[in-house]
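Step one of this worksheet: look at the structure below.
Only the coordinates and a few stated rules stand behind these numbers; no lab work does. Computed from a predicted model, the values in this text were never measured in an experiment. We place every Cβ from the backbone using ideal geometry, glycine too, and count neighbours over all the protein chains shown.
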Amino acid sequence: VSSIHSVKKVHRIACIPGDGIGTEITEAAIQVLTTLQKTLGWFSSTIFGRLFMILKLALLLGTFEFDFTHLDWSSKAYLERGWYMPPDWADQLRKHDAIYFGAVGWPDVPDHISLWNLILPIRKVMSQYVNLRPTRILEGIASPMANVKREDLDWVIVRENSEGEYSGQGGTSHEDTPHAVATEISIFSQVGIERIMHFAFQTALSRPRKKLTMVTKSNAQRHGMVLWDKVFYTVAKEYPDVEIDKMLVDAMTVRMVLHPASLDTIVATNLHADILSDLAAALSGSIGIAPSSNLDPTRKNPSMFEPIHGSAPDIAGKGIANPVGAFWSAAEMVRWLGEEKAADTLMKAIENVTQAGVKTKDLGGSENTKGVTEAVCKEIEK
Ligand code: GGG
């Protein structure tokens, strides 16, 4: 028994379903992850799986298991008890290897309250300074733009996730009077820009095209954006094998729509990349399929994985949310945890299902969340 335990890897996952469809797609993601664990992990249920497991044990290759902790940190809970996260929230999260997040935002709570009490403090305190948003057109899915072909769109957006326009600094004077004045201060630090640039260059270097496009608005914003430009060109000298170019964010939206094949890895500030990644998701078929990883590259803190879409109150509770973004995010989490084979299996299962036409309404299909989830589970078990 002790030798079994020594090779079994338990991945502790903190699950925060959050609001609206976040609860539905997180439940679906846990179902898919549990199926992965049963099929490839310790509890394999097939004869072949068990034989493979014995072989793995013999070779001391290790097996895995997920241990989920459910955390009810949501707008609904906030409305009932007056807080989103308890005072020891950071300690609780640090007991886990990863965080799986659904969605945040509910009509009864102003969005800046829900974001600043839940997702933004987690990203900041857990030093998740990278938000990685891969985009490609999955098998069986078409872009709503006729000119955007599957082979043209394969991007990774590297979003600065810890400062910039989401610094939370500023204030309002003369509030609730006709003379109200508000400031929203963006903070860009040399250290913050350097570390995201290094991550972006390394990401570009790991991809076949080795191409990096850096996005700012440095013609109009003459301080922080100019520092971004400067740091970009300085860091670029350390990566001579990466082909670089620079875009203004407004022109970038046009290039993404009209010349998608000219792009590969993209690095941008917190706000710009947030906006560009929604456009990227829409171009690849639907915002419902896009994943994101909030990473602490030092691995001192758990990283957090979430679909990029929000809580979608208009369809919440109807069972029709697209779970593909949640599954893809789960695959990114599994890969980050070192389970490459499980991540590949999950991505293959997702694409077999989309290719077979099992899709939700946003992708032109007629399936519901449960139907897509069960189809992906079946594919994993094959
Ligand atoms: N699943 C992610 C989510 O709920 N997103 C809502 C949102 O507006 N997030 C802001 C952000 O990603 O910065």
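Hey, what D do you get for the chain in µm²/s if you plug the Kirkwood alpha-carbon radius into Stokes-Einstein at 4 °C and 1.567 mPa s? Intermediate values should be presented prior to the final figure.
Details: Rh = 21.9 Å.
The estimated diffusion coefficient comes to 59 µm²/s.
Where does the chain land at 222 nm, in deg cm²/dmol rounded to the nearest 500, when only DSSP H runs of n ≥ 4 count, each adding -39500 (n - 2.57), divided by all residues?
-13000 deg cm²/dmol
For residue 378, list the aspartates and glutamates whose Cα falls under 16 Å from its own Cα; do not include residues on the same chain fewer than 8 positions away. Correct list for residue 378: 344, 351, 367.
Placing +1 at every Lys and Arg Cβ and -1 at every Asp and Glu Cβ, with all other atoms neutral, what dipole size does the chain have around its Cα centre, in debye to the nearest 20? The partial results should precede the final answer.
Numbers: 39 positive and 45 negative charges, 237 e Å.
I would put it at about 1140 debye.
Under a Cβ-only charge scheme (Lys and Arg +1, Asp and Glu -1), can you give me the dipole magnitude of the range 266-333 about the Cα centre, in debye to the nearest 20?
Working: 3 positive and 6 negative charges, 32 e Å.
I would put it at about 160 debye.
Sorting the segments 273-284, 163-174 by their mean number of nearby beta carbons within 10 angstrom, highest to lowest, gives 273-284, 163-174.
Classify the range 176-314 as rounded, prolate or oblate from the Cα gyration tensor: take a ≥ b ≥ c as the square roots of its eigenvalues, call it rounded if a/c is under 1.5, otherwise prolate when a/b beats b/c and oblate if not. It is rounded, given that a/c, with a ≥ b ≥ c, falls under 1.5. Only aspartates and glutamates eight or more places from residue 38 in sequence, or on another chain, were considered; those with a Cα closer than 15 Å are 65, 67, 339, 374, 379, 381.
Across the range 112-123, coupling constants 3J(HN,Hα) worked out from phi with the 6.51/-1.76/1.60 Karplus curve, θ = phi - 60°, read 6, 6, 5, 5, 7, 10, 9, 6, 5, x, 5, 4 Hz, and Gly and Pro carry x. Of the peptides 260-267, 8-15, the order by per-residue mean of other Cβ atoms within 10 Å, starting with the highest, comes out as 260-267, 8-15. Taking a straight line from the alpha carbon of residue 230, these aspartates and glutamates sit under 17 Å away, with near neighbours fewer than eight places off in the same chain left out: 160, 194, 238, 243, 245.
Which value, in debye to the nearest 20, describes the size of the charge dipole of the range 112-257 about its Cα centre when Lys and Arg Cβ atoms bear +1, Asp and Glu Cβ atoms bear -1, and nothing else is charged?
Details: 18 positive and 17 negative charges, 91 e Å.
In total the dipole reaches around 440 debye.
Are any of the pairs 149/217; 9/95; 318/382 more than 18 Å apart by Cα-Cα distance, and if so, which?
Values: 149/217 28 Å; 9/95 15 Å; 318/382 29 Å.
Where the Cα-Cα span goes over 18 Å, the pairs concerned are 149/217; 318/382.
Answer rounded, prolate or oblate for the range 292-378, using the Cα gyration tensor with square roots of eigenvalues a ≥ b ≥ c: rounded when a/c is under 1.5, else prolate when a/b is larger than b/c, else oblate. Because a/c hits 1.5 or more and a/b fails to exceed b/c, the range 292-378 counts as oblate.
Let a ≥ b ≥ c be the square roots of the eigenvalues of the Cα gyration tensor of the range 62-102; is it rounded (a/c under 1.5), or, if not, prolate (a/b larger than b/c) or oblate? Prolate.
In this simple spin-label model, placing a label point 7 Å from the Cα along the Cα-to-Cβ direction at both residue 150 and residue 341 gives a separation of 2.7 nm.
For 198, 112, 96, 179, which order do you get if you count the other beta carbons within 10 Å of each Cβ and list the fewest first? Let's see the in-between values first.
On the way: 198 15, 112 10, 96 20, 179 7.
Listing 198, 112, 96, 179 from fewest to most nearby Cβ atoms yields 179, 112, 198, 96.
Summarising the strand pairing of the chain, around 40 percent of its internal DSSP beta bridges are antiparallel.
Using the per-residue mean of other Cβ atoms lying within 10 Å as a proxy for protection, in what order, highest first, do the peptides 312-319, 117-124 fall? Working shown, then result.
Working: 312-319: 14.9, 117-124: 19.9.
Highest to lowest by the protection proxy: 117-124, 312-319.
A dipole drawn for the chain from +1 and -1 charges on Cβ atoms has a positive end, and of 66, 219, 273 the residue lying farthest that way is 66.
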